[in-house]
Amino acid sequence: MAACTRNVPTTPPAELSFQVASYSTRSPITGSIFTLSESFGAYAWTDDAISGYFMENEKISFVEEQGLWKPSSTYYWPKQGTVDFVCYYPYGMSGISVGADNLSYSDIDVSSTQDDIMYADKAVGFDSRSDAVPVFFRHALALLKVDICLSYNHKEEADGTVTDWTVNLNSANVTGLYKSGSCNLILSDKSATGTVQWARPIDENGFCVWTNDGTMYDTPNLIADGGTELATDSWTNVVPEMFVLPQSLDAGQQKVMLNITVTTVRNGAPFLRETMDVSAPLYSEPIQAWQMNQALEYRIKISPTQSHGNGGDPSGDVDPSNPNLNDTVVTFDPSVGSWDIVDVTAILL
């Protein structure tokens, strides 16, 4: 209360700001920093809010001059009570519904957008004593990456024969991906204070995946015109980091399709060139699903002959400088058919 007609506060009001945890908006494989140039959305509730919301889909951005994450409009902490917050990224995305106790995504089409869809743990029970609202993002999608290298490209035989191979990757794409789906998150502990995680959906197999609508799509060719030559001593990235719908995998459905050209050089002279389509299944016993917040990196080795380069044992290691090609060397198995017996009866005249 003030007795004079002009009230000048002697202390600054408690302005509300956010503190974003170091978590990636783009690449969890290579980094974990929320980019300062990005923005995210925020909802907030307090018991005394007249409209039901304290914040309703406010845009939160980094203010460089102040070094703070702040809403587009200035907000002050209420004089009494606490505030709960739910944040999401990217700001203004369609298909998201945010409530005090649930957060859902509906009909999200990952084939048409490559946004890193993220949601933050709910911040519960914060007030002016807090330095800033903590925001810890988790990824709602899965991230896929595929690298390829050659198992071997050179072999010297005891008889003096030297064979070299070059393998050019002409094109690559991923097929059999689920295109769109939905996901519903519920608050795991409504009575907690601090940051509270959302309970993610679990399917009948125990996998944390979205409900898909059954439609599938194939990516376009991911290799630049002219292709790229594969090496034995380094990995070639053929599927750059791409966001995919969290999904259960089916044997033979989700695959990397490659078109390669194999050139065989014998004793310094090219003598065989083959161009073919090959595929690598992405389902395996260790990886039967791509789950929420998972970054998956596949590494595929290609043999330039039918051999695995280890004597035909796929589980064995391959020495790139001296592969075991016993099972792929051309050999012969000669045999002679029996004589046709022709009986001849001599006729004397």
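Summary of values
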{"item": "Some residue of segment 254-271 being surrounded by fewer than 12 Cβ atoms within 10 Å (Cβ to Cβ) and within 30 Å of Tyr217 (Cβ to Cβ)", "result": "no"}
{"item": "Within segment 308-349, considering residues that are closer than 18 Å to Val162 by Cβ and of a type in the set (Gly, Ala, Ser), the one surrounded by the most Cβ atoms within 10 Å (Cβ to Cβ)", "result": "Gly309"}
{"item": "Subset of segment 183-196 [surrounded by fewer than 16 Cβ atoms within 10 Å (Cβ to Cβ) and either in contact with a Gly (Cβ under 7 Å, 6 or more places away or on another chain) or not hydrophobic (A, V, I, L, M, F, W, C) (or both)]", "result": "Ser188, Asp189, Lys190, Ser191, Thr193, Gly194"}
{"item": "All positions within segment 233-251 that are part of a loop (DSSP other than H, G, I, E, B) and surrounded by 17 or more Cβ atoms within 10 Å (Cβ to Cβ)", "result": "Leu245, Pro246, Leu249"}
{"item": "Test: residue in segment 205-227 that is without any contact (Cβ under 8 Å) to a residue 12 or more places away in the chain, outside any strand (DSSP E or B), at positive phi and assigned by TED's automatic domain parsing to the domain that holds Thr263", "result": "yes"}
{"item": "Strands (runs of 3 or more DSSP E) (entirely within segment 78-139) containing at least 3 residues that are touching a residue at least 40 places away in the same chain (Cβ under 8 Å), touching a strand residue (DSSP E or B) at 6+ places or on another chain (Cβ under 6 Å) and surrounded by fewer than 16 Cβ atoms within 10 Å (Cβ to Cβ)", "result": "102-109"}
{"item": "Of residues in segment 305-349 being of a type in the set (D, E, K, R) and at pLDDT 90 or above, the one farthest from Thr232 (Cα to Cα)", "result": "Asp340"}
{"item": "Filtered residue count, segment 157-180, keeping only those that are modelled with pLDDT under 95 and in a strand (DSSP E or B)", "result": "0"}
{"item": "Thr305 surrounded by fewer than 18 Cβ atoms within 10 Å (Cβ to Cβ) and either within 17 Å of the chain's Cα centre (by Cα) or in the same structural domain as Ala158 (by TED's automatic domain parsing) (or both)", "result": "no"}
{"item": "Residue list for segment 192-233, restricted to those being modelled with pLDDT of 95 or more, small (Gly, Ala, Ser) and within 30 Å of Trp165 (Cα to Cα)", "result": "Ala231"}
{"item": "Tally, over segment 253-310, of residues that are touching a Leu at 6+ places or on another chain (Cβ under 9 Å), in a strand (DSSP E or B) and within 18 Å of Glu241 (Cβ to Cβ)", "result": "8"}
{"item": "Residues that are out of contact with any strand residue (DSSP E or B) (no Cβ under 7 Å at 6 or more places or on another chain) and among the polar types (S, T, N, Q), drawn from segment 190-223", "result": "Ser191, Gln197"}
{"item": "Some residue of segment 119-136 being at pLDDT 95 or above and within 30 Å of Ile302 (Cβ to Cβ)", "result": "no"}
{"item": "Asn184 vs. criteria in the same structural domain as Tyr283 (by TED's automatic domain parsing), assigned to a strand (DSSP E or B) and of a type outside the set (A, V, I, L, M, F, W, C)", "result": "no"}
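The values are calculated or read from the model by the stated rules, or taken from the named source; none is laboratory data. Remember, predicted model here, so these are calculated numbers, not experimental data. Cβ coordinates were reconstructed from backbone atoms using ideal geometry, including for glycine residues, and neighbour counts include every protein chain displayed.
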